[in-house]
Structures are given as structure tokens and as C-alpha cells.
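The values are calculated or read from the model by the stated rules, or taken from the named source; none is laboratory data. Everything numeric here is computed off the predicted structure, so don't read it as measured data. Positions of Cβ are generated from backbone atoms using ideal geometry, with glycine treated the same way; all protein chains shown enter the neighbour counts. In case anyone asks, the SASA skips ligands and DNA or RNA and just uses the protein heavy atoms, side chains included. Shrake-Rupley method; radii C 1.70, N 1.55, O 1.52, S 1.80 Å.
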Amino acid sequence: MGIDMIIFTVLSAIAIAAALGVILSKNPVNSVLCMITCFVAIAGHYIMLNAQFLFVVHLIVYTGAIMVLFLFVLMMMNLNADIEPQKRNWLKYAGAISGGALLLVLVAALRDASVPAIQSGAPTDIGLISNLGKTLFTSYVVPFELSSVLFLSAMVGAVVIGKK
Amino acid sequence: MPVQYYIFLSIALFCIGIMGVLMRRNAIIIFMCIELMLNAVNLLLVAFSKMWVDAGRIDAASAQLFVFFVMVVAAAEVSVGLAIIVMMYRNTHSVDINILSRLKN
């Protein structure tokens, strides 16, 4: 068992435990903190997979911006108390059972998929920003510009909705 | 390392996200579970990108750019969604989706 396998196991255990903490904790602030832990573990996976640019973007965008936005909204609306009514338990069981059934089906379907393996030691520079930037501005210019329009409309939408 | 490990990890994270969407009643936590599902798919895309790079394909940067665009869309979605949740909280003083299911009043 090499060092990469050990790191993979530790990061996966942290990610899955934190994801379970998100859906199981009663306090929404604890959920957000578990989510941040999960995102940091996923960022560790990115750097294990030679995706350095995505590692940095993931840390900045998800952990730094989106989760802080969630935390701001929770604290602004003073929701850190548990407001969830505990009746209708069968809905929770139904959700857990259907999610587990999907997990079972997907694992059973993809267990024997024949795909090439990942060589963990082989370094690649495909995740570096120069490579990705070249591909982005040669093959994917139109989606890049369209995403700027999307961002502008999202910004205007957020302001308009929030102002009422 | 077989790429199956990454597939199983992504499936686990995705199904935890689905369970959260189905089980929880808090709209903000449902939003976070949607983010979790997006991240599971992103992780799988990056793993497949590395797999194809190791297998000798040179155009595998597209998967990482796709992850980048997914992050862009997720950021836009979160800003609008949280604005909607804040507005609904102002109107109904609750983020419980059982109350939010009546969109009027």
C-alpha cells in the first residue's frame, strides 16, 4: 500500500464523514462547517490528481466564497437554532432508503467497468494554468464569454430579488 | 490506483447529497446538498481526466475546463438561490420547505 493509497483513503474518509455530518447534524451552522471540511478534502483529491489550478479555484470559490455566503445568510437570518419539526419520520426513512438504493444500483453497475488505471506517480502538467488557459482561450472562447453573460444576469437577478 | 476507487467515492458523495435533499426540510441545507452533488461529479471528471492523460490522450484538459464551467454555474446558481431564500424568509419567516411549498402567500 503506497503513500498515495494512504492519502486517498484518509481524504476519502474525511470527505464522506463530513458529508454525512452535513445531512445529519441538527444545527445548520454545523452543517456548513462540515461542508467546508468536505470541500477541503475534495480539494486535496484534486491536488492528488495533478489538477493544481482546479485545487486553487476550488478552495477560493467554494470554500472561500460560496460557503462563507451560506454562513452569512444563516447568521443574518439567525437560523442557528434548530427549527426543523421532527414529525413525519417516515419521510426521512423513505429518503434514506431511496438514496441507499441508488447507491447500491450505481455501485453494482459500475463495479466491473473496464477503464484504464490511474498512474499516481506519473506527473503531468495538464492541470497547470498555462495549459488550461491555452485550451480555454482557443477551443472554449464562446462558452467562456457566455459564462460572463451568465454571471452578469445572476448578479442583476440577485440584486433585483434581494432588493424587494 | 484503479479509477474505480474514485468512481465509488463520487457515487458515495452523490448519494449522500441525494439523501440530504430527500431527508432534510431546511432549504439552505438542501442547497448545500446540491452543491455536494455537483462536487461529486466534478471530482469524477477530474479523475477521468487524469486517467486519460495517463492513457496517452493529450486533449484531456477539456474535462478540467468542464469542471471550471461547472464551478462558474454553481456560483451563479448559489447567488440567485440564496437571494430567493432570503426573500422568502422575509415574507414567511421560515425556510422550511413544507411552508415554502405554497408559493403564494
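Data for the structure
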read-out	value
Close pairs from the range A:1-20: first open to solvent by 60 Å² or more (accessible area, probe 1.4 Å), partner assigned to a helix (DSSP H, G or I), Cβ under 6 Å, at least 6 apart	A:ILE14/A:ALA41
Residues satisfying the stated conditions in the range A:100-124, i.e. more than 9 Å from chain B (Cβ to nearest Cβ) and in contact (Cβ under 8 Å) with a residue 40 or more places away in the chain	A:GLY121, A:PRO123
Hits in the range B:10-27 - residues which are touching a Ser or Thr at 6+ places or on another chain (Cβ under 8 Å) and open to solvent by less than 10 Å² (accessible area, probe 1.4 Å)	none
Qualifying residues in the range A:115-164 (those that are in contact with a Phe, Trp or Tyr (Cβ under 7 Å, 6 or more places away or on another chain) and open to solvent by 40 Å² or more (accessible area, probe 1.4 Å)) - the one nearest to B:VAL46 (Cα to Cα)	A:LEU128
Some residue of the range B:16-24 being in a helix (DSSP H, G or I) and under 24 Å from A:ILE7 (Cβ atoms)	yes
Of the criteria (1) in contact with a helix residue (DSSP H, G or I) (Cβ under 6 Å, 6 or more places away or on another chain); (2) under 17 Å from A:PHE53 (Cα atoms); (3) within 7 Å of chain A (Cβ to nearest Cβ), which one B:VAL80 fails	(2)
Subset of the range B:90-105 that is more than 7 Å from every other protein chain (Cβ to nearest Cβ) and closer than 28 Å to A:LEU152 by Cα - its residue that is surrounded by the fewest Cβ atoms within 10 Å (Cβ to Cβ)	B:LEU103
Close pairs (6 angstrom Cβ cut-off, 6 or more residues apart or separate chains): closer than 15 Å to B:PHE66 by Cβ in the range A:127-140, among the small types (Gly, Ala, Ser) and surrounded by 13 or more Cβ atoms within 10 Å (Cβ to Cβ) anywhere	A:GLY127/A:ALA51; A:ASN131/B:ALA61; A:LEU132/B:ALA61; A:THR135/B:ALA61
Scope the range A:21-48; condition charged (D, E, K, R) and crowded, with 16+ Cβ neighbours inside 10 Å; matching residues	none
Checklist (1) under 21 Å from the mean Cα position of the chain (by Cα); (2) open to solvent by 40 Å² or more (accessible area, probe 1.4 Å) applied to B:MET87, failing item	(1)
Output for the range B:28-48, where each listed residue is open to solvent by less than 10 Å² (accessible area, probe 1.4 Å) and closer than 18 Å to A:SER12 by Cα	B:CYS33, B:GLU35, B:LEU36, B:ASN39, B:ALA40, B:ASN42, B:LEU43, B:VAL46, B:ALA47
3 or more residues under 22 Å from the mean Cα position of the chain (by Cα) and hydroxyl-bearing (Ser, Thr, Tyr): qualifying helices (runs of 4 or more DSSP H) within the range A:1-120	A:28-48
Selection count, the range A:101-145, where residues are more than 20 Å from A:LEU54 (Cβ to Cβ) and among the hydrophobic types (A, V, I, L, M, F, W, C)	14
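Residue by residue, here is whether (1) more than 7 Å from chain A (Cβ to nearest Cβ); (2) in contact with a helix residue (DSSP H, G or I) (Cβ under 7 Å, 6 or more places away or on another chain); (3) modelled with pLDDT of 90 or more holds:
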site	(1), (2), (3)
B:PHE8	no, yes, yes
B:GLY17	yes, yes, yes
B:ASN26	no, yes, no
B:PHE31	yes, yes, yes
B:ASN39	no, yes, yes
B:LEU43	no, yes, yes
B:GLY56	yes, no, no
B:GLN64	no, yes, no
